[in-house]
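Worksheet: one structure, shown below.
The values are calculated or read from the model by the stated rules, or taken from the named source; none is laboratory data. Please read all numbers here as calculations on a predicted model, not as lab measurements. Cβ sites come from the backbone with ideal geometry, for glycine too, and all protein chains shown count toward neighbours. Each accessible area value is taken on the protein alone, full model and side chains, heavy atoms only, with ligands, DNA and RNA left out. Shrake-Rupley method; radii C 1.70, N 1.55, O 1.52, S 1.80 Å.
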Amino acid sequence: MSELSINPGIEIRDSERELQRFRWRLVLLGGFVLLLFGLLFLRFFYLQVVQHGHYSTLAEANRISVLPVAPHRGVIFDRNGVLLAHNYSAYTLEITPTRAGDLETTIDELATIVEITPRDRRRFRKLLEESKRFESLPIRTRLSDEEIARFAVHRYRFPGVEAKARLFRQYPQGEIFSHVVGHIGRINQREVEQLEKSGRLANYRGSDYIGKTGLEQSYEAALHGTTGIEEVEVDSGGRAVRVLSRTPPVPGNNLVLNLDAQLQEIAYQAFGNRRGALVAIDPRNGGVLALVSKPGFDPNLFVDGIDPQSWSELNGSPDKPLLNRAAAGTYPPGSTFKPFMALAALFYGKRAPQQIISDPGFFMFGGHRFRDGRPVPLGAVDMHRSIVVSSDVYYYTLANELGIDPIAKFMALFGFGSRTGIDIAGESAGVLPSTEWKLRRLKQKWYAGETISVGIGQGYNSYTPLQLASATATLANDGVMYRPHIVNYVENIRSGEKTPVEPNPLRDLTLKPEHLKVVKDAMVGVNKEGTSARVFADAPYVAAGKTGTAQVIAIKQGEKYVESRVAERHRDHSLFIAYAPADNPTIALAVIAENSGFGARAAAPIARQVLDYHILGKLPAKPAVTD
C-alpha cells in the first residue's frame, strides 16, 4: 500500500466551521451580557430617577424619628381649691419583653442594682398577661436619683431595659374620694378597640393611661388633652441627636367640683367603722356637695397596675369597698318613703291632712297581720303625726287605698326607679315596683297584699341613696328637680376660660303649695318632737328630716325582731333624709348606715354632723357612730 493512502480512523476537522460557531457563541454571550447590563441600568434608572422621591423619603425617615408627646392630664379640685387629683414627674424602670431576653433572669439581675419587691414582680406579671409583648412595661416606678444613677452605670448590661421620665397621677385624699374622683389605669386592648372605633386612638399615641372609674372616666375627653409631635434626628444606633421640630401637646382641662372636701371628709369619718353611704345636694341647682361610700379604697393602687394580691383583697372583701354604695347600691328606703307617700295621698285626694285613722299597732289584710314597729299602739293619727312619730299602720292603710300603680306613677315623678343622670358612670336604676314591672321582671301578676309593705318603703322597693337625696332635694325645692352634677365647671388652663356645668332643671312637679307645707311642717316636727328630736335637740338652726329603718331579712309572721339574736349583716339598715335650713334650704341629704338599726341611732347623728359643718362650720369632735 502506498504511504500516501489515508487512514480512515483519523477525523479531519473543519476549522472554518468551528471558528464560525465560536464567533456566534461569543456574539450571543456578548449580547446576553449587554442585555444584563441594560436591565441593570434600567433598574438603576428606575430606583435613582423614577423612585428618587420615595426612597429619599424613606432615607429621611430613617434619619428622623417622629415621636408622640403625651399631654399633661388635667387636675381636679374641690370647690375651695383643694387638690383631689394631680400629676408629678418621676422616673420609672421599664422592660420591653421582646428585647430583654429571659425576663426572670433580667429582673433578678436588676434586683441587685435597684430594689424590686415581690409586689413589683406580681404587678409586672399581671401587666405582661394583659399587654402586647412589644410594649414597654414598668417593673419599678418612682425611682430615686441614686437608683437612676446606679442603673445608668450598668445600663449596657440590660438590653430592652430603660429608665424613662413619666408623669404620674396621685390622689392625695386617698379613699375618701375614691368613688367620686375614681382613678386612671393602663390602657387595655378593649379600650384600644373602643378608641379606634371612636376615631380617638391617634390622640392616645404615647399615652399609657386612661380614666377607668369616677370623674376620671366620665370626663376623660376633657382631662386627657391633645397629644403633641416631636421630630428628632437620630444616628445609626437609633439615639437622638437633636430635635428638629416640635408641636407641643395641649394639656387637659381642669375640673372644679361642687364637692366640699372638708364636708366629704367629715361625712366619711362620721360613719366610724360602719358601712354606708351619704349624698348631699344643693337643692337650688343640683350641685353635689358630698358623695360618700364607706368603705372606700386607695385609688393610688390602680395607677401603675394593681398587683394580684391587693386586687384579690379588695375584690374578695365582704365589705365590698369597690362598690359605690351612694350611686350603685340599692336599699329599701324604709320610713323615709313616708313623706312622699303623704304627698301622693294629697295629690290624688285620698287623704285630707286632718283626717284621722286609728292605729292599733297592726293592720290586717287577707288574714295577714302587718305589724307596726312600735311596741305601743299610737291610737288616733292624722297626716302630720303619722310622719312625726312614723306610724306604719297609717301608711299600710294608705297604700291599700292608693294601689300600686298610682303609687308608682307618683313616685316616678321624684325620680324613684330611674337613674338621675349624675355625671359619673355606674349608677343603678333601682326598683320602683308596679304591676307592669313585676310582670316584665318576674313574669308574675301583682297581688294586692304586696302593696301594703310598699307603703312603708319595704317590699320590692329598692333605691340608691343618690335617688333618695335627689328626691329629698326636689321636695325641699318645692317640686323643682335638678339633675345632680358633681362638676361645677371645666377650666381651660391655657386660656383660663371656664365652661360651667349649667344647672339643668329636669322638671317642675307643680305640686300644690298647701300640700308641700303639710309635709314639710311634719318633717320639721320629726326633728323637734318626733323620732329624731333627741339628735337635733340643741341645733341652733331648723332642719327638716325623716328617720327610716329598713329590714334586711324578712321576719316570719308572729315572730319578734330581736337585734341581738340576728347576725350583724342581717340587722336592719339605718336611714335618714333631711334638708336645712328648713325655710331656705341650701343642703338636702340622704344617709344609710348599713346594719345599724333605727334611723335615729346611726343615720341621723351622721346627718347632724354634716349639717352642723355645712351651716355652722362646726367640726365634730368624734365620729357620729362609734360602736
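Computed in the context of the full set of protein chains, the accessible area of the chain at 1.4 Å probe radius has 54% of its extent on carbon or sulfur.
Taking R0 as 22 Å, what FRET efficiency do you get between Ala537 and Leu619 from their Cβ-Cβ distance, rounded to the nearest 0.05? Could you put the intermediate results ahead of the total?
Details: r = 20 Å, r/R0 = 0.90.
Approximately 0.65, to the nearest 0.05.
Say the cut-off is 22 Å between C-alpha atoms; which of Lys409/Lys438; Lys338/Lys622; Lys409/Lys445; Lys338/Lys443 go over it? Distance filter (> 22 Å) returns Lys338/Lys622; Lys338/Lys443.
What FRET efficiency comes out for the pair Ser15/Gln51, r = Cβ-Cβ distance, R0 = 60 Å, nearest 0.05?
Numbers: r = 52 Å, r/R0 = 0.87.
FRET efficiency, Ser15 to Gln51: 0.70.
Using a Förster radius of 60 Å, what is the FRET efficiency between Glu529 and Ser310 based on their Cβ-Cβ separation? Nearest 0.05, please. Rounded to the nearest 0.05, the efficiency is 0.75. Dimensions of segment 174-327 based on its C-alpha atoms, expressed as ranges along the principal axes with the largest first, amount to 63, 42, 29 Å.
Loop-resident trypsin sites (Lys or Arg not before Pro) (DSSP state other than H, G, I, E or B) in segment 597-627 with no more than 15 further Cβ atoms inside 10 Å of their Cβ: Lys618.
Ranked by the mean number of other Cβ atoms within 10 Å of their residues, highest first, the peptides 212-221, 468-477 fall in the order 468-477, 212-221. Since only Tyr91, Ser310, Phe271 are under comparison, the one whose Cα sits farthest along the positive direction of the charge dipole of the chain, derived from C-beta charges on Lys, Arg, Asp and Glu, is Phe271.
Order these peptides, 394-406, 269-281, 181-193, by their mean beta-carbon neighbour count within 10 angstrom, highest first.
Values: 394-406: 21.7, 269-281: 24.8, 181-193: 18.2.
My ranking of the peptides, most packed first, is 269-281, 394-406, 181-193.
Compared with the alpha-carbon gap, the fully stretched path from Lys498 to Asn584 is longer by 28.1 nm at 0.36 nm per residue.
Have a look at Tyr209, Ile553, Thr472 and report the one farthest towards the positive end of the charge dipole of the chain, computed about the Cα centre with Cβ charges (Lys/Arg +1, Asp/Glu -1). Value: Ile553. Cross-link partners for Lys126 among the lysines, with Cα-Cα distance under 19 Å and sequence neighbours closer than 8 places in the same chain left out: Lys212. Computed over the chain, the convex hull of the alpha-carbon atoms projects to a mean area of 52.0 nm². If a/c stays under 1.5 just call it rounded; otherwise compare a/b with b/c (prolate if a/b is bigger, oblate if not). Do that for segment 486-534, with a ≥ b ≥ c from the square roots of the Cα gyration tensor eigenvalues. Cα axes put segment 486-534 in the oblate bin. Extent along the principal axes, Cα only, for segment 276-371: 63, 41, 18 Å, with the longest axis given first.
Rounded if a/c is under 1.5, else prolate if a/b is larger than b/c, else oblate: which is segment 372-477, with a ≥ b ≥ c the root eigenvalues of its Cα gyration tensor?
Numbers: a/c = 2.29, a/b = 1.30, b/c = 1.75.
Oblate is the answer for segment 372-477, as a/c is 1.5 or above yet b/c matches or exceeds a/b.
Using the alpha-carbon centroid of each, what span in Å lies between segment 169-201 and segment 110-162? Between the Cα centre of segment 169-201 and that of segment 110-162, the gap is 23 Å.
For segment 335-494, the residue among Gly367, His384, His485 whose Cα projects farthest onto the positive side of the dipole built from Cβ charges is Gly367. Placing dummy labels 7 Å off each Cα toward the beta-carbon, the span from Ile113 to Asp478 is 7.2 nm.
So, for segment 443-549, what is the accessible surface per residue at a probe of 1.4 Å, expressed in square angstrom?
On the way: 4670 Å² over 107 residues.
I get 44 Å² per residue for segment 443-549.
For the chain, the mean residue ellipticity at 222 nm estimated from helices alone is -10000 deg cm²/dmol, where every DSSP H run of n ≥ 4 contributes -39500 (n - 2.57) and the total is divided by all residues, rounded to the nearest 500. Where the alpha-carbon atoms of segment 66-257 are placed on the principal axes, they occupy 50, 41, 33 Å, in descending order. Computed from backbone phi with θ = phi - 60° and the Karplus coefficients 6.51, -1.76 and 1.60, the 3J(HN,Hα) list for segment 270-276 is 4, 6, x, 8, 7, 8, x Hz; x is used for glycine and proline. Dividing the radius of gyration of the alpha carbons in segment 168-213 by their Kirkwood radius gives 1.06 for Rg/Rh.
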